[in-house]
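Shown next, in structure tokens, is the structure this report addresses.
The values are calculated or read from the model by the stated rules, or taken from the named source; none is laboratory data. Predicted model, so just to flag it, every value in this text is computed and none were measured. All Cβ positions, even for glycine, are placed from backbone atoms using ideal geometry, and neighbour counts span all protein chains on display.
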Amino acid sequence: MNKNYDVVILGGGLAGLTLSLQLKKHKPDISILILERRETEAPLAAHKVGESTVELASHYLREVLDLKGYLEEHELPKHGLRFFFKSNTKEDISSRVELGPRFRLPVPSHQLDRGTLENYMAKLTVEKGSEYLLGAKVSNVELVNSPQSTDHSHKVSFIKNGKEETVSCRWVADASGRGSILKRKLQFQKPMEHHINTSWWRLKGVIDIDEWSNNKEWKNYLEPHLRYLSTVHFLDKGYWLWVIPLGTKNTSIGIVADPDIHPFETFNTYEKSVEWMRVNEPLAYKMLEPLGRGEGLMDFRILKHFAHHTQRIYSSERWAVTGESGAFLDPFYSPGSDFISLNNTWLSDLILRDIAGEDIALRAQVYEQAHLAWVDSFLPIYQEKYKLMGSAQIMVMKIFWDWAVYWAIPCVLFVNNAFTDLRLLRDLFASQNSLGRKFAELHKRMQDFFLEWLPYENRIFEHRYIDPFDLKLLREFQSAITVDIETKSLMEQIAINLNKLEQMAVAIFRLVSSEVKGTSPDIKVNPYTITLNGEVDTTSDKAIAPSPEITKDVEVMWFYEKKETIVDSQ
Ligand SMILES: Cc1cc2nc3c(=O)[nH]c(=O)nc-3n(C[C@H](O)[C@H](O)[C@H](O)COP(=O)(O)OP(=O)(O)OC[C@H]3O[C@@H](n4cnc5c(N)ncnc54)[C@H](O)[C@@H]3O)c2cc1C
């Protein structure tokens with residue numbers, strides 16, 4: 001073993017291993033030491049939670065890290081996210097409003113067995129020349145806080161086989177997950193106002209929810225076994241329950257719930273989780289409880305208040321955090337690995353530029369601000385939104401809105417390498433009127449609007465199938481992720497996408513406001529004034545009407561009768 005490294009990575013989980021592969025891809029001779037406290041290879045299936053990937057992380061794993069071949073051979077293809085909403089008869093899955101893709105998807109994503117994946121990546125990074133030490137628990141980090149410091153001035157100590165060893169390095173990357181070594185040491189924790197709890201467990205065997213009903217019509221909505229490949233969410237007020245298939249032919253199950261509605265004490269042991277399912281999700285209980293008896297139950301874990309924040313991410317003094325050692329929001333849309341993709345892309349760019357002799361002070365500052373702003377602008381997607389989970393109509397609109405936003409802005413920016421383009425970042429975020437800031441404002445306004453809608457919406461809908469790709473706009477946004485856009489056209493594309501989002505926001509608002517406030521379904525609206533609890537700008541030159549195409553798209557999500565146009569006779 002060496003004594004000096006370019007980079008020492010604290011923790012060899014998803015974030016640490018992917019960072020090492022990204023660095024090695026761009027600089028094969030970079031010296032990397034990964035310290036992982038686990039003594040042995042990761043167990044299969046019952047290893048870590050975080051199995052479902054979405055488009056941004058799939059692009060990162062497949063295209064940026066070149067893991068496409070491995071993923072296609074060893075992990076399951078995923079058939080999108082799928083949601084079943086509250087119904088009067090939860091025992092009958094076919095009666096529930098179901099939202100999910102019907103046909104095979106053009107943009108790939110995967111269900112990961114985290115043990116299989118981490119073992120593979122550990123082997124691969126060693127083949128590429130990284131050193132990966134198992135049974136190495138980091139015991140101390142001494143950072144030399146000066147940008148002028150020499151190449152190997154940080155010191156990292158770890159315990160292996162009962163003995164403490166120390167190595168030096170130019171960069172320390174903290175990927176220790178909830179261990180959060182640097183955050184604890186340097187005290188840069190930050191409160192996160194989102195208090196949600198979870199329990200999860202893995203069951204032996206394949207669970208195909210297609211078999212949970214004999215209703216032929218319901219089964220025939222999709223090709224056989226496509227439902228099985230989705231990340232399935234069962235929702236009602238204050239909670240969602242996940243079912244995720246794993247490539248090792250096992251199944252991951254989890255409860256995620258707001259303690260104001262479902263106290264943690266009601267599901268914080270396996271027995272209580274099963275009882276919780278009996279009360280809240282009786283069909284899941286009936287199908288899953290027998291499989292969890294005896295050997296069938298592979299593990300059981302809980303996590304209280306899983307969301308956490310950070311004040312720091314990247315330092316020009318050559319240290320950084322990545323993955324869960326920084327911030328984590330909420331798993332509802334499986335975004336954990338998306339944040340890792342972005343985090344590692346910023347971090348590897350800083351490390352590589354620094355090693356090449358570039359002054360990274362400005363970049364480190366810009367990336368950190370952008371990263372923290374990104375976390376903050378995504379928080380309202382989840383904050384207080386567990387209250388909405390009992391309403392199919394609000395949730396369908398919200399999920400489609402959140403997907404449109406996700407595909408139209410962050411995915412497009414990520415796949416086109418925009419996040420490391422300083423000029424583009426400046427143009428996107430620097431001025432008050434910049435596209436990035438307008439986007440954040442619109443998104444926040446819509447998230448507030450969904451909450452404002454709640455007191456008016458309590459109808460239970462049943463027997464509906466909603467396919468997001470019946471909406472032309474969503475189809476276009478999602479498939480555009482695979483198209484390369486030249487840097488000079490990227491701002492133009494973001495402007496076009498933001499304009500479509502503004503129209504979508506107005507189309508949603510007009511339907512809801514006409515239903516609950518009796519306003520005309522055809523009014524023009526300034527999207528940046530959307531609210532149900534105050535003045536809405538319908539007259540200034542900023543007020544817009546959505547295109548007939550977007551209006552039609554949004555109506556696909558609307559369960560009520562559309563109100564007739566009000567003709568003003570005066
Ligand atoms: C309920 C829930 C559901 C989730 N579902 C999803 C999902 O579906 N999709 C998704 O993308 N994300 C999901 N996530 C998030 C996902 O779990 C994380 O994004 C991901 O596991 C974080 O990876 P990481 O490498 O940062 O941390 P980890 O995977 O935890 O890795 C950290 C590593 O550091 C090691 N370590 C810790 N301390 C030390 C030390 N002192 N010395 C040496 N090694 C150390 C640990 O052993 C571990 O291997 C979910 C999270 C939660 C809470």
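Observations on the model:
- Of all residues making up the stretch 307-328, the number that are under 16 Å from SER377 (Cβ atoms), among the hydroxyl-bearing types (Ser, Thr, Tyr) and surrounded by 22 or more Cβ atoms within 10 Å (Cβ to Cβ): 0
- Of all the listed residues (PHE414, PHE439, PHE429, PHE450), the sole one being surrounded by fewer than 20 Cβ atoms within 10 Å (Cβ to Cβ), over 18 Å from LEU81 (Cα atoms), hydrophobic (A, V, I, L, M, F, W, C) and not assigned by TED's automatic domain parsing to the domain that holds ALA361 is PHE429.
- Annotation: of all residues in the stretch 1-40 being more than 22 Å from GLU165 (Cα to Cα) and part of a loop (DSSP other than H, G, I, E, B), the one that is nearest to the ligand (Cβ to nearest atom) is LYS27.
- Checking the stretch 334-352 against the condition returns a match, with at least one residue being surrounded by 19 or more Cβ atoms within 10 Å (Cβ to Cβ), outside any helix (DSSP H, G or I) and within 16 Å of the ligand (Cβ to nearest atom).
- Neighbours by Cβ (under 6 Å, 6+ apart or cross-chain): first from the stretch 150-179, over 27 Å from PHE306 (Cβ atoms); second part of a helix (DSSP H, G or I) and not basic (Lys, Arg): TRP171/ILE351
- The single condition among (1) more than 15 Å from the ligand (Cβ to nearest atom); (2) assigned to a loop (DSSP other than H, G, I, E, B); (3) of a type in the set (Phe, Trp, Tyr) that TYR367 does not meet is (2).
- Looking across the stretch 476-509, the residues that are in contact with a Pro (Cβ under 8 Å, 6 or more places away or on another chain) and surrounded by fewer than 17 Cβ atoms within 10 Å (Cβ to Cβ) come down to SER479, THR482.
- When the test is whether a residue is of a type in the set (A, V, I, L, M) and either in contact with a Pro (Cβ under 9 Å, 6 or more places away or on another chain) or free of Cβ contacts under 8 Å to residues at least 24 places away in the same chain (or both), LEU235 does not pass it.
- Put simply, of VAL54, VAL144, VAL138 the only residue that is touching an Asp or Glu at 6+ places or on another chain (Cβ under 7 Å) and of a type in the set (A, V, I, L, M) is VAL54.
- A single entry from GLY294, GLY254, GLY238 fulfils the requirement of being under 22 Å from HIS195 (Cβ atoms) and out of contact with any helix residue (DSSP H, G or I) (no Cβ under 8 Å at 6 or more places or on another chain): GLY254.
- There is no residue in the stretch 134-156 that is of a type in the set (S, T, N, Q) and in contact with a helix residue (DSSP H, G or I) (Cβ under 8 Å, 6 or more places away or on another chain).
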